[in-house]
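Here is the structure we will look at.
The values are calculated or read from the model by the stated rules, or taken from the named source; none is laboratory data. For clarity, every value in this text was computed on a predicted model and none was experimentally measured. All Cβ positions, glycine included, derive from the backbone under ideal geometry; neighbour counts span all protein chains shown.
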Amino acid sequence: GEDVEQSLFLSVREGDSSVINCTYTDSSSTYLYWYKQEPGAGLQLLTYIFSNMDMKQDQRLTVLLNKKDKHLSLRIADTQTGDSAIYFCAERGDYKLSFGAGTTVTVRA
Amino acid sequence: SAVISQKPSRDICQRGTSLTIQCQVDSQVTMMFWYRQQPGQSLTLIATANQGSEATYESGFVIDKFPISRPNLTFSTLTVSNMSPEDSSIYLCSVDRNYGYTFGSGTRLTVV
């Protein structure tokens, strides 16, 4: 079955870049996603990447995909206090999503 | 992306009772998904709801415990039946629209 793993915690200084890593096992994944969950809130879709792409950039967000190693990363440039949240990596196999455990990002002044 | 209205946003329920969660989507969708997020955990898919047919449940989830209705292409309900404290979680509905899955704001359930 699908298995998505990601590091649990990341602490970053305000203004620095954050990099969140994720590995997955399903080689047939079509799309991979990054979601953000702020305390007490639902899930917000940040960005996605199609499996035949290597990189996608969207303002401060850069997604890198290494399909050979089944490794996905999310880079947040110029990290702000508002970026403090839990970030979930998810892969799409067939019609449903499998989520990682989430990375808690803490931004310190 | 789709707008999903989910309610209630939170509830505190007595063990042994049932709670029905509603999700309304602003446009027609083929499949609606129900997820559970236990405290401090990731999201686990409970079932997929299709209009006009029975829901498809994932391993570990059964219809008697989590009955689902899907009366039309914009609405679905999930019932958490005969609740116990272990059912305390956030329950979220989701739809697949435009290359991204949109989630409702979630129902935070506490069973006492």
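Computed values, structure above
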item: Close pairs (6 angstrom Cβ cut-off, 6 or more residues apart or separate chains): outside any strand (DSSP E or B) in the range A:36-49, among the polar types (S, T, N, Q) anywhere; result: A:G42/B:S105
item: Residue within the range A:77-86 that is in a strand (DSSP E or B), buried (at least 18 other Cβ atoms within 10 Å of the Cβ) and not charged (D, E, K, R) present; result: yes
item: Of residues in the range B:1-28 being of a type in the set (K, R) and assigned to a strand (DSSP E or B), the one nearest to the other protein chains (Cβ to nearest Cβ); result: B:R10
item: From the options A:L46, A:L72, A:L64, residue that is within 13 Å of the chain's Cα centre (by Cα), surrounded by fewer than 20 Cβ atoms within 10 Å (Cβ to Cβ), hydrophobic (A, V, I, L, M, F, W, C) and more than 14 Å from every other protein chain (Cβ to nearest Cβ); result: A:L64
item: B:L45 vs. criteria within 15 Å of the chain's Cα centre (by Cα) and under 27 Å from A:L32 (Cα atoms); result: yes
item: Subset of the range B:62-111 (residues that are within 14 Å of chain A (Cβ to nearest Cβ), crowded, with 16+ Cβ neighbours inside 10 Å and either outside any strand (DSSP E or B) or free of Cβ contacts under 8 Å to residues at least 24 places away in the same chain (or both)); result: B:G104, B:S105, B:G106
item: Test: residue in the range B:34-42 that is of a type in the set (S, T, Y), assigned to a strand (DSSP E or B) and modelled with pLDDT of 95 or more; result: yes
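Listed here are the residues, each with its yes/no results for (1) surrounded by fewer than 21 Cβ atoms within 10 Å (Cβ to Cβ); (2) more than 12 Å from chain A (Cβ to nearest Cβ); (3) under 19 Å from B:D96 (Cα atoms).
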position	(1), (2), (3)
B:T30	yes, no, yes
B:Y35	no, no, yes
B:G40	yes, no, no
B:L43	no, no, yes
B:I46	no, no, yes
